[in-house]
Amino acid sequence: MTIKQLATSVAAATLIAAPALAEVDMSGKTIEWVIPFSETGGSAKWANFFAPLLSEELPGNPTVVVKFMPGAGSTKGANWFQEQEYDDGTLLFGTSGSTQFPYLLGDPRVRYEYSDWVPVMASGTGGVAYLNAEDGEKFDGSANNLQDIDFIYGSQGATRLDLVPLLAWEMLGMNVEPVFGIKGRGDGRLMFERGEATIDYQTSSGYLGASADLAEQGKAVPMMTWGALDDDGNIVRDPTFPDIPTFKEVCEATDGCETSGEAWDAWKAFFVAGFPVQKIAFLPAGTPDDVAATFAEAFDAVRSRDDFAAIAAKQVGKYEVFVGEGAKRATETGTTVSPEAKAYVQNWLQEAYGVTLE
Amino acid sequence: MDLFVTALPALGQAWAMILQPAVLGYLVLGVVMGLAVGVFPGLGGIAGLSLLLPFMFGMDPVLGLALMVGMVAVVPTSDTFASVLMGIPGSSASQATVLDGFPLAKKGQAARALSAAFTSSLFGGLVGAAFLTLFIVVARPLVLAFGLPEMLMISILGLSMVAVLAGRVALKGLAAAGLGMLIGTIGEADAGGSLRMATYDIPYLTDGLQLVIVGLGIFAVPEIVSLLRQDRAIAKNAELGAGWGDGVRDWVANKWLSLRCSLIGVVVGVIPGLGGSVVDWIAYGHAVQTTKDKSNFGKGEIRGVVGPESSNNAKEGGGLVPTLLFGIPGSGSMAIFIGAIALLGSGDIEVGPSMLRDNLDITYSIVWLLALANVVGTLLCIAASGGIARLTTIRFTYLAPFLFMLISFAAFQSGQNFEDILALFAIGLIGIFLRRFDWSRPAFLIGFVLSNPVEKFSNQAFQIASFRFRDSFEAGMQYIFSPIVIVLLIITVVSVVLGLRQAKSIMAEGDVQAGSKRAPLVFLMVLLAYVVAALINANMIPDYNMTDKIVPLVVGGITLAAVLIVLVQMLLRPETDSIFADKEMAGEDADAPYGLWSTLAWFAGLIAATYVLGFILALLGFLVSFLRVRAQAGWPKTLILTAAGIALMCVMAGALNRDFPPGLLQDVTDLPWPMN
């Protein structure tokens, strides 16, 4: 009974405040936002952040509930979504970099096709790599003095988002030994704090949440961000961390590291797929344009809220939220890599970590 | 000293924040909701918190915290109902409670067991809060002192409890634990992604089996089937003996045990990465080792209830330390908790290192909200325990169909796959035979629970140690043999030696008679076949993925050796030897009016019908036919009970926003909820 009362009172409160005027009316409906990860991950946080905001902005204020379908590192959920057809606009699906990477690398389990789906919103993040205090002293904006140190890094797996930092460090000529099998970046940071790992990276929100504190106390030295993309697709400093150089700058300053050529192209391709376009909300194949537009408008209204920048900064970072056409373009950049980049990374994974993706 | 200068006012502010009618009201609301969710096995804090999440956005922080903390805090209290009354582990934190709690219920002392458990939970929760109040401001270095070798040693300490719970034939206990560990390695390896006893053609197996399913399968299914075969009430003679007052007195008599187990709970809870899965077993082992007369363990020893229950609520308090100080969730529900905190108010409470500096008052309110929620939850539970204990006097045939319904639903919620229910059935079969032939089920479960931590920590600690050794021999030794590791090592050795000496007197399955050789031998051969298959399978993993194969190989090798020795012993010994224990030879199961397979067929029927018709329609048919045919109930009773069961499912699924397992019918037709 208590649950119901709570639900009714909240529902009533939102209904009163709702100016519902649009062609697509969703009042009384329940939208399921399926996340192919467990309740505990970053994508869950992302969807839970947007769900109540979306509910406020959609015409008719439908209830938006987040559902979880974890399995096989999101491949299970994405394969399931591929089978779904448009019904009445009550199904939304959220992907992450971990959904994009197996797709880009040709994982045999992938049975989904991004281009079939209808993107309505996309958002990105950044990442910061940092060193322990001792080795950090040797960092002078280039990796020249770091090349004969053995670093230890707590990693979730070479085929995951960790591909981006691992390849970057390799390009800088650093010797980083990944210890595989940790469950989240938080565990990696803890390993770093205990002194077991000597190098680490966090996505922006993770860095702001805890690692920045370490840097302030002098226990960690920020090394580089992965950067952000400008309108022309160039890598520029991450707006969240304007004082930290990008990998591109560090690479340019380091002997033997090139910001052109196949290694660089491959790194950049996977960076773009993994960070600036990390999480995308999709409607299923066959969604009519007016419904897609309704969702895009609602997400547009969400990002235009006066307080959006402030609340988003805590939850999803100060990164651009793409909607509608912008989301479509972002999805295209995030889900295509050149065959050369793909072949390069596949080959590197095989040689460095013995990972074969047939 | 300046710590106290900041800590004391913060503590005062925290109390001022908490002690407001609105806050207390939300706390009670959270507690009631937590109780409602927690009494159902398999639906713990994650389901409950997910339910609250949509309301957290922009909510007043203290109110939101009161609601969430109230809910999280009572789950390890309320899950005791299922553990004690039905023998179903309500969550991973109350697995050990089943061992002695359920036998007490069978003796008609359910109310006593419940109130002892709740009092212990309350005390554990308060000890946890008091400890944290003093400790949280200085906790950081201690948490950081627990590196991978230390965590590995704690996992091994948990594993050493197998020695206590191995049963009469120690080798069988060892083999059961090994088998549990091997089953725990099924699926994609964490480190290198190799597949163990799984294939991409069966995607379900690549993720491995869920603890909820294994816990329900190993403990719940065998007990439900056994009781159903005997066609009687859980409490023999259908009488309720000792009441709730006795339970409180039992706690008073064992208050020091309760205190020690609470401290074990809070300390293990503080260490991130272990979660609750080992705490209750370590506490149970401790309770056994510190009891003079061990003959009652497994048969209804109240100390076996007090120990684990004191530790599991204290653990929740301890688990707040990594959650709040490091932003690293100690459990699934804590992960949602972190996410939800960020939604509160204007979002300026940030979990992590800054929490103590910027929000010490909030931190203290969380700690003491937790303690208050424990008090409220316990009082409600104790008040209810006398009445709910009456369930044990009902003829079990009327309870069983609803238990099958609940565990199927709970199993399905763990992964939303039809295979979840199949896995429950398969693991249930293993459980039935482990029970029948007196292979220690607790040992199996401990092995399963600790399989992943042992593998993960040993691999990672090994890798880091090898880098240290590359630096210098000294650095490597220092890393592996830290003072904490050495202390834990000594405790482990002592507990194994003591445990082996005591194991013979602790019969988790009761005194099982031996009979013929054939059936126990056949079961042994099946185990042998699986172990050999797992070994061959692990050996096929290429050597560059050594991290993925070494643990299955070592564990499989030890298990194989244990099984082979048991085989030799079986061949040499007479058929009256206790190694041939078989519940079908004498005792309750042998005298039961119904056979094993015909009883199990009802459960199988529910699953098969679900596959075709979907859960709700299958359940309708199952309940009606079970109540009519097996329970011989009249039509009015049948229809009322069926309607009640279906209504309960629909309310639960509706409120928690969960799906039912769909069947083939749902693929081809479009039915209205809840039949879709």
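Being in contact with a Ser or Thr (Cβ under 8 Å, 6 or more places away or on another chain) and not in a strand (DSSP E or B) is the filter here; which residues of the range A:85-104 pass it?
A:Tyr86, A:Gly89, A:Thr90, A:Ser96, A:Ser98, A:Thr99, A:Gln100, A:Phe101, A:Pro102, A:Tyr103, A:Leu104
Which helices (runs of 4 or more DSSP H) sit wholly inside the range B:608-676 and have at least 3 residues that are farther than 25 Å from A:Trp33 by Cα?
Where helices (runs of 4 or more DSSP H) fall fully within the range B:608-676 and carry at least 3 residues being farther than 25 Å from A:Trp33 by Cα, they are B:615-625, B:635-656.
Would you list the helices (runs of 4 or more DSSP H) that sit entirely within the range A:133-237 and hold 2 or more residues that are closer than 23 Å to A:Leu105 by Cα and out of contact with any His (no Cβ under 6 Å at 6 or more places or on another chain)?
Numbers: elements: A:133-136, A:163-171, A:185-193, A:212-216.
Result: A:163-171.
Taking the range A:105-130, which residues are within 14 Å of chain B (Cβ to nearest Cβ) and either among the aromatic types (Phe, Trp, Tyr) or part of a strand (DSSP E or B) (or both)?
Of everything in the range A:105-130, just one residue is within 14 Å of chain B (Cβ to nearest Cβ) and either among the aromatic types (Phe, Trp, Tyr) or part of a strand (DSSP E or B) (or both), namely A:Tyr112.
Looking at (1) closer than 15 Å to B:Ala93 by Cβ; (2) at pLDDT 90 or above; (3) among the hydrophobic types (A, V, I, L, M, F, W, C), find the lone condition where B:Val278 falls short.
Only one criterion is unmet by B:Val278, namely (2).
How many residues are of a type in the set (Ser, Thr, Tyr) and either surrounded by 22 or more Cβ atoms within 10 Å (Cβ to Cβ) or in contact with a Lys or Arg (Cβ under 7 Å, 6 or more places away or on another chain) (or both) if we restrict to the range A:113-127?
Filtering the range A:113-127 for residues of a type in the set (Ser, Thr, Tyr) gives A:114-115, A:123, A:125.
Now narrow it down to the ones that are either surrounded by 22 or more Cβ atoms within 10 Å (Cβ to Cβ) or in contact with a Lys or Arg (Cβ under 7 Å, 6 or more places away or on another chain) (or both): A:123, A:125.
So the count comes out to 2.
Does A:Thr356 meet the test of being touching a residue at least 24 places away in the same chain (Cβ under 8 Å) and either buried (at least 18 other Cβ atoms within 10 Å of the Cβ) or β-branched (Val, Ile, Thr) (or both)?
no
Which one is surrounded by the most Cβ atoms within 10 Å (Cβ to Cβ), of the residues in the range B:296-344 that are at the interface with chain A (Cβ under 8 Å from one of its Cβ atoms) and under 20 Å from the mean Cα position of the chain (by Cα)?
Across the range B:296-344, the extreme among qualifying residues is B:Ile336.
Which of (1) part of a loop (DSSP other than H, G, I, E, B); (2) closer than 25 Å to A:Gly209 by Cβ does A:Gly286 not meet, given it meets every other one?
Looking at each condition in turn, A:Gly286 falls short on (2).
With respect to the numbered conditions (1) at pLDDT 90 or above; (2) surrounded by 15 or more Cβ atoms within 10 Å (Cβ to Cβ), which one is the sole condition not fulfilled by B:Ile640?
(2)
Pairs please, first residue from the range B:144-161 and more than 18 Å from B:Ile282 (Cα to Cα) and within 10 Å of another protein chain (Cβ to nearest Cβ), second anywhere and polar (S, T, N, Q) and part of a helix (DSSP H, G or I), Cβ atoms under 6 Å, 6+ apart in sequence or on different chains.
B:Leu148/B:Gln460
Which condition number does B:Ile202 fail, the rest of (1) surrounded by 20 or more Cβ atoms within 10 Å (Cβ to Cβ); (2) over 29 Å from B:Leu114 (Cβ atoms); (3) within 14 Å of another protein chain (Cβ to nearest Cβ); (4) β-branched (Val, Ile, Thr) being met?
(1)
May I ask you to verify whether A:Val164 is in contact (Cβ under 8 Å) with a residue 24 or more places away in the chain, among the aliphatic types (A, V, I, L, M), in the same structural domain as A:Asp265 (by TED's automatic domain parsing) and under 20 Å from A:Cys251 (Cα atoms)?
Numbers: in contact (Cβ under 8 Å) with a residue 24 or more places away in the chain: yes; among the aliphatic types (A, V, I, L, M): yes; in the same structural domain as A:Asp265 (by TED's automatic domain parsing): yes; under 20 Å from A:Cys251 (Cα atoms): yes.
Taking the combined requirement at face value, the residue satisfies it.
Restricting to the range A:135-157, what's the tally of residues that are without any contact (Cβ under 8 Å) to a residue 60 or more places away in the chain and closer than 25 Å to A:Phe180 by Cα?
So the first thing to find is which residues in the range A:135-157 are without any contact (Cβ under 8 Å) to a residue 60 or more places away in the chain, and the list is A:138, A:140, A:145-157.
With closer than 25 Å to A:Phe180 by Cα added as a condition, the list becomes A:146-157.
So the answer is 12.
When only residues in the range A:155-184 that are over 22 Å from A:Thr95 (Cβ atoms) and among the small types (Gly, Ala, Ser) count, which is nearest to the other protein chains (Cβ to nearest Cβ)?
Here the answer is A:Gly181.
Quick check: is even one residue across the range B:408-427 more than 14 Å from every other protein chain (Cβ to nearest Cβ), farther than 26 Å from A:Pro36 by Cβ and not aromatic (Phe, Trp, Tyr)? Give the derivation first.
At the first step, the residues of the range B:408-427 found to be more than 14 Å from every other protein chain (Cβ to nearest Cβ) are B:408-411, B:421-422, B:424-427.
Still in the list and also farther than 26 Å from A:Pro36 by Cβ: B:425.
If we keep only those that are not aromatic (Phe, Trp, Tyr) too, we end up with none.
No, every residue in the range B:408-427 fails to be more than 14 Å from every other protein chain (Cβ to nearest Cβ), farther than 26 Å from A:Pro36 by Cβ and not aromatic (Phe, Trp, Tyr).
Quickly run through the range A:210-238 and pick out the residues that are facing chain B (nearest Cβ under 8 Å) and in contact (Cβ under 8 Å) with a residue 60 or more places away in the chain. Reasoning before the result, please.
Taking the range A:210-238 first, the residues facing chain B (nearest Cβ under 8 Å) are A:210, A:213-214.
Matches in the range A:210-238: A:Leu214 only.
Looking only at residues in the range A:185-209 that are within 8 Å of chain B (Cβ to nearest Cβ), closer than 26 Å to B:Ala465 by Cβ and modelled with pLDDT under 85, which one is surrounded by the fewest Cβ atoms within 10 Å (Cβ to Cβ)?
Restricting to residues being within 8 Å of chain B (Cβ to nearest Cβ), closer than 26 Å to B:Ala465 by Cβ and modelled with pLDDT under 85, the top hit is A:Asp187.
The conditions are (1) farther than 19 Å from B:Ser516 by Cα; (2) in a helix (DSSP H, G or I), and B:Val568 fails exactly one of them. Which is it?
(1)
Test B:Trp256 against the criterion of being in a helix (DSSP H, G or I) and over 24 Å from the mean Cα position of the chain (by Cα), and give yes or no.
The answer is yes for B:Trp256.
Checking the condition crowded, with 20+ Cβ neighbours inside 10 Å, at pLDDT 85 or above and either in contact with a helix residue (DSSP H, G or I) (Cβ under 7 Å, 6 or more places away or on another chain) or within 11 Å of chain B (Cβ to nearest Cβ) (or both), which residue from A:Gly71, A:Gly89, A:Gly41 passes?
Numbers: A:Gly71 fails: at pLDDT 85 or above; A:Gly41 fails: at pLDDT 85 or above.
That would be A:Gly89, the only listed residue that is crowded, with 20+ Cβ neighbours inside 10 Å, at pLDDT 85 or above and either in contact with a helix residue (DSSP H, G or I) (Cβ under 7 Å, 6 or more places away or on another chain) or within 11 Å of chain B (Cβ to nearest Cβ) (or both).
Do the conditions hold for B:Ala609, that is, is it without any contact (Cβ under 8 Å) to a residue 60 or more places away in the chain, under 21 Å from B:Glu419 (Cα atoms) and under 28 Å from the mean Cα position of the chain (by Cα)?
Answer is no for this residue.
The values are calculated or read from the model by the stated rules, or taken from the named source; none is laboratory data. Remember, it's a predicted structure, so these values are computed and weren't measured experimentally. Virtual Cβ from ideal backbone geometry, glycine too; neighbours counted across all protein chains shown.
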